[in-house]
Every structure is written in structure tokens, then in C-alpha cells.
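> If you scroll down you'll find the structure; I have some questions about it.
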């Protein structure tokens, strides 16, 4: 009788360990798929949650999202700030002080890959 109880107990433990291992594997695969999806978006010039990508027209952003919170020259072109998203363009300000936004050549947010402004080196 004791042998059967031990055998049932071992099989139960084995089954529980198998289920745990399966769940961990599926979680790792899901995390990898999420990470790879973000890398694919970045490769294509997009950031998750931002509908405009590299090469998009700055004027299209302004038409859809309205006037930027901030806009000025930076690194040879205009930047357009909307909340956490900053679009860097090849735009300029013409002689009549009109903003010509140009095309987006870089996008950043306040947080990327889990790193955000204000973090110490140890927190990164």
C-alpha cells in the first residue's frame, strides 16, 4: 500500500513540475515575442504607441495632433514635442517665422528600453 502512495505522490510532483516548466517556457516565449515585436517596430522606424515613424511628414503630425507643446531648432532641424514623444525633423523656420516641419528623421520618448530621464547609473 505504501508503495502505491509513494508512486502516486511522485507522479503528482512530476506532473506539477512539468506544468510549472511549461508555464515558464510559455512566459519566456511571450516575453521574447514582445521584445522582438518592439525591435521590429524600431527597425521599421516606429515606436510602440506612436503612429508616425521615421520618414513621416512633420506637417501630418501637426495636422493630426495639433500644434506641438514645444518646437525649436535642435541639431540642424526642428524638433516637435508632444507629451512624451519628441520628433526631430529636417524642418526650418522661414523668413516669415513660419515653421516648416519637414520629414521626421528621429523619434524619442522619455523612456526607452526601461530607461528614463532621472535614473541613476545603478538603476539602469
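> Condition first: under 20 Å from the mean Cα position of the chain (by Cα), surrounded by 14 or more Cβ atoms within 10 Å (Cβ to Cβ) and in a loop (DSSP other than H, G, I, E, B). Now tell me which residues in the range 44-78 satisfy that.
45, 46, 47, 50, 52, 53, 54, 56
> On to the next question. Residue 66 versus (1) modelled with pLDDT of 85 or more; (2) in contact with a helix residue (DSSP H, G or I) (Cβ under 7 Å, 6 or more places away or on another chain): which is the lone unmet condition?
Here residue 66 meets the rest and fails (2).
The values are calculated or read from the model by the stated rules, or taken from the named source; none is laboratory data. None of the values given here were measured: they were computed from a predicted structure. Cβ atoms come from the backbone with ideal geometry, glycine included; neighbour counts cover every protein chain shown.
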